[in-house]
Amino acid sequence: MAVIHVQVGFRPGLPEVSDRNKLLGAIKASKPHQEFFQGSSGEIHPVLGPKPDDIVVVKHRVSAFAGTDLNMILRAREIHTIVMFGIATSGVVLSTLLEASDADYRLVVIEDCCADLDMELHSALIKRLFPARADVMSTENFVRTLENPS
């Protein structure tokens with residue numbers, strides 16, 4: 001199974017971000033928020049990887065697809081199924097899921113590996129919106145599926 005990590009990253013001063021972008025413009029306007037994406041706090045945690053064969057995609061937007069080469073990598077490797085999880089269920093996971101769904105990928109969302117500051121919205125997405133576009137399952141069920149493919 002190919003592992004692709006998607007990491008947020010910006011150049012110094014965030015030239016990738018327009019002041020018209022309400023969400024990312026707030027980061028651009030705040031030196032402390034900018035510093036969060038630099039150094040060790042902006043890196044992928046070593047427990048998670050990346051391992052030597054893993055791929056790292058750096059993104060500058062909420063969706064993992066917007067402005068990145070993720071789609072090219074997936075198509076070049078003939079990957080048709082994406083297993084997703086992450087923080088910001090109502091941001092990163094939602095935006096990436098919608099774009100991947102529109103691109104005809106098969107999608108799996110690992111529900112207990114997603115989190116959001118708004119638990120009510122998180123729950124609505126996991127229970128009502130995501131199942132219309134993806135298979136939503138627990139880590140335990142996902143691992144069981146890998147061990148016993150049908």
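Rolled with a 1.4 Å probe across the full set of protein chains, the surface gives residue 16 an accessible area near 30 Å². Taking the accessible area of segment 92-136, probe 1.4 Å, and keeping the other protein chains in place, the carbon and sulfur fraction comes to 50%.
In straight Cα distance, which lysines are under 16 Å from residue 28, not counting same-chain residues fewer than 8 positions off? Filter leaves 59. The order of 51, 28, 22 by accessible area, most exposed first and with a 1.4 Å probe, is 22, 51, 28. Per-atom-type breakdown for segment 15-79 gives carbon and sulfur 57% of the accessible area (1.4 Å probe, protein chains only).
Summed over qualifying helices (DSSP H, 4 residues or more, each -39500 (n - 2.57)) and divided by its residue number, the chain shows a 222 nm mean residue ellipticity of -7500 deg cm²/dmol. Ordered from highest to lowest accessible area with the whole protein assembly present and a 1.4 Å probe, 54, 104 read as 104, 54. Its Cα gyration tensor gives the chain an equivalent ellipsoid. The semi-axes, each the square root of 5 times an eigenvalue, are 27, 18, 15 Å from largest down. Once a ≥ b ≥ c are taken as the square roots of the eigenvalues of the Cα gyration tensor of segment 1-63, is the result rounded (a/c under 1.5), prolate (a/b larger than b/c) or oblate (a/b not larger than b/c)? Prolate. Find how much the distance from residue 85 to residue 127 grows on full extension, using 0.36 nm per residue of separation minus their present alpha carbon separation; answer in nm with one decimal. Difference between extended and current length: 13.7 nm. Once all protein chains are placed together, residue 4 keeps about 50 Å² accessible to a 1.4 angstrom probe.
Just subtract the alpha-carbon distance of residue 56 and residue 75 from 0.36 nm times their residue separation and send over the number in nm, one decimal. List each step's numbers first, then the result.
Numbers: separation 19, 0.36 × 19 = 6.84 nm, distance 1.57 nm.
Answer, rounded to one decimal: 5.3 nm.
Listed values for segment 111-117 are Karplus-derived 3J(HN,Hα) couplings in whole Hz (6.51 cos²θ - 1.76 cosθ + 1.60, θ = phi - 60°), namely 5, 7, 10, 10, 8, 8, 5, and x replaces Gly and Pro. For segment 72-108, list residues with backbone N below 18 Å from a point placed 7 Å from the Cα of residue 143 toward its Cβ? Hits in segment 72-108 for residue 143 at 18 Å: 83-86.
The distance between label points at residue 19 and residue 31 comes to 1.8 nm (points 7 Å beyond Cα on the Cα→Cβ vector). Considering every alpha-carbon pair of segment 24-106, the percent of pairs per 10 Å bin, from zero through the bin containing the longest distance, is 14, 44, 33, 9, 0.
Where only protein heavy atoms count, and the probe is 1.4 Å, what is the accessible area per residue for the chain in Å²? Each step should come with its number before you reach the end.
Working: 9780 Å² over 150 residues.
In whole numbers, the chain has 65 Å² accessible per residue.
The values are calculated or read from the model by the stated rules, or taken from the named source; none is laboratory data. Keep in mind the model is a prediction, meaning the values are calculated, not measured. Backbone-built Cβ (ideal geometry, glycine too); neighbour counts: all protein chains shown. These area figures cover heavy atoms from the full protein model, side chains too; ligands, DNA and RNA do not enter into them. Shrake-Rupley method; radii C 1.70, N 1.55, O 1.52, S 1.80 Å.
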